[in-house]
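The structure under discussion appears below in the form of structure tokens.
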Amino acid sequence: MKQEKSCGAICWRPGQTGREYLLLRHANGGHWAFAKGHVEGDETEEQTALREIAEETGLAARLDTGFRRTTAYFPAPDVWKEVVYFVADITAGHQQRQLEEVEEIAWLPLDQALSALTYEADRQLLAAADSYLTQKQG
């Protein structure tokens with residue numbers, strides 16, 4: 001069985017009524033999810049997550065590795081994929097979607113983001129990230 005590994009982040013920013021979360025509508029499948037992508041070469045998980053955020057959105061981010069969660073699934077027969085997620089806040093850059101991979105970028109408050117996400121596993125990740133950030137920020 002083939003094994004794949006991707007890394008990404010649940011990116012957030014302060015909004016007028018609370019945190020807003022970055023969601024991407026991916027060109028491959030049209031699903032709403034987070035920025036993520038395959039580990040390349042000898043990259044660390046953190047390097048992969050930061051690179052994928054930058055490639056897919058044009059934004060630079062700061063990872064919080066105190067939140068590290070994994071999800072795993074079969075994207076194709078005989079392919080097992082593990083995805084590692086961190087939380088990240090945006091630090092710089094000009095938002096611009098990666099034309100080949102991203103159809104749309106949206107910043108949404110928690111309730112709208114939970115509704116927009118395509119997969120239940122991603123909704124669970126977002127809820128856990130929001131809870132982590134709430135506890136951390138007091």
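Summed over segment 1-29, residues that are on the phi > 0 side of the Ramachandran plot and under 15 Å from the mean Cα position of the chain (by Cα) total 0. Residues in segment 65-92 that are open to solvent by less than 60 Å² (accessible area, probe 1.4 Å) and free of Cβ contacts under 8 Å to residues at least 40 places away in the same chain: Ala72, Ala76, Ala92. Within segment 30-45, the residues that satisfy the criterion of being in contact (Cβ under 8 Å) with a residue 60 or more places away in the chain and more than 17 Å from Ala60 (Cβ to Cβ) are Gly30, His31, Trp32, Ala33.
Whether a residue is of a type outside the set (A, V, I, L, M), surrounded by 15 or more Cβ atoms within 10 Å (Cβ to Cβ), modelled with pLDDT of 95 or more and over 19 Å from Tyr132 (Cα atoms) was assessed, and Thr44 does not pass this test.
Can you tell me which residue within segment 1-38, out of those that are open to solvent by 20 Å² or more (accessible area, probe 1.4 Å) and of a type in the set (S, T, N, Q), is nearest to Thr65 (Cα to Cα)? Out of the qualifying residues, it is Gln3.
Annotation note: of Thr70, Thr65, the sole residue that is within 23 Å of Lys2 (Cα to Cα), touching a strand residue (DSSP E or B) at 6+ places or on another chain (Cβ under 7 Å) and of a type outside the set (A, V, I, L, M) is Thr70. Which of the residues belonging to segment 98-138 are open to solvent by 100 Å² or more (accessible area, probe 1.4 Å) and touching a residue at least 12 places away in the same chain (Cβ under 8 Å)? Correct list: Glu100, Tyr119, Lys136.
The values are calculated or read from the model by the stated rules, or taken from the named source; none is laboratory data. For clarity, every value in this text was computed on a predicted model and none was experimentally measured. Note that each Cβ is placed from the backbone with ideal geometry, even for glycine, and that neighbours are counted across all protein chains shown. We work out accessible area using only protein heavy atoms, side chains counted, and drop any ligands, DNA or RNA first. Shrake-Rupley method; radii C 1.70, N 1.55, O 1.52, S 1.80 Å.
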